[in-house]
Every structure is written in structure tokens, then in C-alpha cells.
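Novice: Let me give you the structure first, and then I'll get to my questions.
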Amino acid sequence: MSEQKPTVFIHTNPKQQVGALVSEYSFKRNSKTPDAFAVKIVSTEDFPWLKAKEGQTYLRDGLMREWLYDDLQSFTPLRFTPPELMGYRGRAVMVDPDVFAVGDVMELLTRDMGGKAILARKRGGDKEYASSVMLLDCAKLTHWRVEAQFNEMFDKKRDYMEWISLKLEPQASIGDLEAEWNDFDHLTPQTKLLHNTKRWTQPWKTGLPVDFTPSSKTRRFAPLGWFRRAREAVLGRYGGLGTYKRHPDPKQEAFFFGLLAEAMEAGHVSRALVEDEMAKNHVRHDAFEVMARVAGSPAMAA
């Protein structure tokens with residue numbers, strides 16, 4: 001059996017296609033050994049079982065919620081696909097489509113995992129992890145069977161929030177990943193992977209109508225759940241939510257659009273694609289003006 005390259009997987013859906021392509025470009029751009037690893041984009045369009053559940057209810061944070069295939073973050077169950085896609089062999093890094101390499105991902109792919117199956121950044125309580133960036137030893141994750149486990153949510157056998165926070169994994173199998181490998185809207189000289197995790201301020205969305213369902217802690221704050229349902233009944237699914245806001249850190253806006261400009265110049269992203277995504281309200285309408293403004297920005301120094 002031939003040796004398999006370690007692989008970075010970027011999971012996405014059509015709404016975040018440009019982000020995923022820029023992410024893909026960033027990993028190769030910012031590595032000293034770009035040929036030593038592969039980068040693959042996995043999209044919701046490649047997994048028909050995600051769309052098959054459209055409109056059905058699933059268990060999330062103790063409540064039944066409607067599954068929306070076209071929601072901005074409908075790709076999150078795909079975080080658990082790499083072991084199967086790798087044939088349960090080798091190393092993989094899984095990232096969201098709003099994660100961009102600042103440092104060299106080979107430092108992560110080749111690090112000592114201390115016998116752990118997963119390395120991820122801890123957040124919240126002691127048993128809660130951010131699965132938006134994970135280093136995986138695929139041979140140790142043969143119990144990850146994504147389609148079957150996705151379906152369990154609709155049978156009330158698996159809670160989405162427990163799954164996505166890695167609470168269902170043996171805790172001894174998870175090691176802590178330093179914050180700089182999943183830096184939440186935080187760009188400093190120490191940042192290795194920048195994660196524009198706050199959906200309201202993703203730099204490529206500024207000014208567009210909000211097209212995602214805001215998080216709702218309805219179990220703890222029931223009135224918010226009633227308000228959300230009333231708003232949707234009158235204004236539609238995303239009505240009344242306003243627009244995406246500008247990212248509070250200009251450096252992060254410059255970093256993203258500097259990468260996009262480079263990716264277009266390299267032929268990795270076409271102008272026609274960006275124009276099409278602008279027409280679909282997936283990319284802000286002044287994207288080309290922003291790229292011209294940030295050209296040569298210090299934020300892009302490598």
C-alpha cells in the first residue's frame with residue numbers, strides 16, 4: 001500500500017465557496033514545503049444525505065430544530081469525514097472554510113500527538129472543544145461513520161451540540177491544541193491559523209443581507225425562541241436580521257482580500273467566479289475595490 005500524504009480538508013457549502021478557495025490557497029502559499037501535503041475541499045454538494053434531511057427536525061442542545069440544508073453552516077457535520085476519506089490511514093487536518101493559514105501547516109501535520117487521536121482547541125467547559133480545526137490520527141478514529149451518525153440526530157440518539165463539541169469522544173483520546181492554531185478573530189505575529197469565526201463580521205460578507213440562522217439558546221431563554229419563530233413567520237427565515245457588519249480589525253479584512261487578490265492573480269480563483277458569487281450575495285459587492293485598496297498591505301507580509 002502506497003504512502004498517503006497528510007491532507008488538509010476544508011469543508012464548505014456553496015455559500016462559502018470563495019472562502020474555501022482562499023483557504024485552500026493560503027495553506028500552500030504559507031508553507032515552506034507545499035508539495036509535502038495535499039489540500040482537498042469537501043462540499044455539502046458531494047454528500048446527498050445532507051440534503052435528504054431538508055426540513056426534518058434533529059436534536060440540538062436538547063431541543064428539536066429544523067435542518068436547513070442551505071444554512072450558512074450546513075457543512076459542519078462534514079468535520080467528521082476525513083478518517084473515512086483517508087481510508088482510516090494517516091494524518092489529516094480539518095478546518096472550516098473561514099480558516100486561513102498564516103503559518104506553516106506542516107508544523108501541525110508533523111507534530112507529536114502524544115498518542116492522542118484528536119488535537120483541538122479547548123473552549124468553554126473542560127469537556128468542550130472547538131472542532132472547527134482538528135488534527136486527526138485517522139487510524140484511531142475508525143468509529144467515525146458520518147452518515148450514520150448524522151442520521152442519529154434525527155432519531156434523537158445523538159445531540160448535535162454534543163457531537164460538534166467532541167463531548168461524545170473518549171476524553172482521554174483528545175489533546176489540547178494551542179490557541180494560535182485556531183485563533184478566533186485574532187491576528188498577531190503568533191497566529192498560525194486565523195479563524196474568522198464570528199459570522200456577523202466575516203470580512204467578505206460586509207454589507208450583505210444576513211443569510212444564516214443566529215444561534216438560539218432557547219432551552220435557557222424560552223422568550224428568545226418565541227421571538228425568533230414570530231419574526232420568521234412575519235418576515236421570512238432571514239428577514240429582520242439586518243446586514244453583515246465590517247470586521248472590527250482592519251488587518252483581518254486586508255489579510256483576506258490580499259489572499260483573494262493573490263489567488264486570482266495565480267489563477268486559483270477566477271474573476272468570473274467572484275462576480276457570480278457577488279451576484280448571489282455570497283461575496284460583498286465592493287470586493288474588487290477592497291482588493292485594490294489593500295494591495296501590498298503589511299498584513300500580507302509572509
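Novice: Please work out how much length the chain gains when fully extended from Ala295 to Gln4, using 0.36 nm per residue of separation minus the C-alpha to C-alpha distance, in nm with one decimal. All intermediate terms of the calculation are to be shown ahead of the outcome.
Specialist: On the way: separation 291, 0.36 × 291 = 104.76 nm, distance 3.73 nm.
101.0 nm is the gain from fully extending Ala295 to Gln4.
Novice: Simple spin-label model, 7 Å along Cα-to-Cβ: Asp276 to Gln56 in nm?
Specialist: 3.0
Novice: What FRET efficiency comes out for the pair Lys157/Lys127, r = Cβ-Cβ distance, R0 = 25 Å, nearest 0.05? Write down the numbers at each step before the final one.
Specialist: On the way: r = 19 Å, r/R0 = 0.78.
Between Lys157 and Lys127 the formula returns 0.80.
Novice: In square nanometres, what is one fourth of the surface area of the convex hull spanned by the alpha carbons of the stretch 51-146?
Specialist: Values: hull surface 30.8 nm².
If I average the Cα hull's projected area over directions, I get 7.7 nm².
Novice: Let me ask another. Given the options Ala120, Ala36, Trp181, identify the residue whose Cα lies farthest towards the positive end of the charge dipole of the stretch 7-195 (+1 on Cβ of Lys, Arg; -1 on Cβ of Asp, Glu).
Specialist: Going by the charge dipole, the pick is Ala36.
Novice: What's the center-to-center distance, using Cα atoms, between the stretch 82-116 and the stretch 130-154 in Å?
Specialist: A separation of 14 Å, based on Cα centres.
Novice: Turning to a different aspect of this structure: Short version: what are the Cα gyration tensor semi-axes of the chain, square root of 5 times each eigenvalue, largest first, in whole Å?
Specialist: Over the Cα atoms of the chain, the semi-axes work out to 28, 27, 17 Å.
Novice: For Cα pairs less than 8 Å apart in space and 6+ apart in sequence, what is the mean separation divided by the residue count of the stretch 53-144, i.e. the relative contact order in percent? Write out the running numbers ahead of the final one.
Specialist: On the way: 113 pairs, mean separation 28.4, N = 92.
Relative CO of the stretch 53-144 lands at 31 percent.
Novice: Tell me the relative contact order for the chain as a rounded percent, counting alpha carbon contacts under 8 Å between residues six or more apart. Display every interim value, and only then the final one.
Specialist: Values: 528 pairs, mean separation 54.7, N = 302.
Relative contact order, the chain: 18 percent.
Novice: Would you kindly give the portion of the calculated P(r) for the stretch 79-204 that falls above 23 Å, as a percent of all Cα pairs? Write down the numbers at each step before the final one.
Specialist: On the way: 2494 of 7875 pairs.
More than 23 Å apart: 32 percent of the Cα pairs in the stretch 79-204.
Novice: How large is the dipole of the chain about the Cα centre if only Lys and Arg carry +1 and Asp and Glu carry -1, each at its Cβ, rounded to the nearest 20 debye? Walk me through the numbers on the way to the answer.
Specialist: Working: 43 positive and 41 negative charges, 176 e Å.
It works out to roughly 840 debye.
All of the numbers you see were taken from the coordinates with simple rules; none came from a lab. Since the structure is predicted, the reported quantities are computational estimates derived from the model, not experimental observations. Here Cβ is always computed from backbone atoms with ideal geometry, including for glycine, and neighbour counts include all displayed protein chains.
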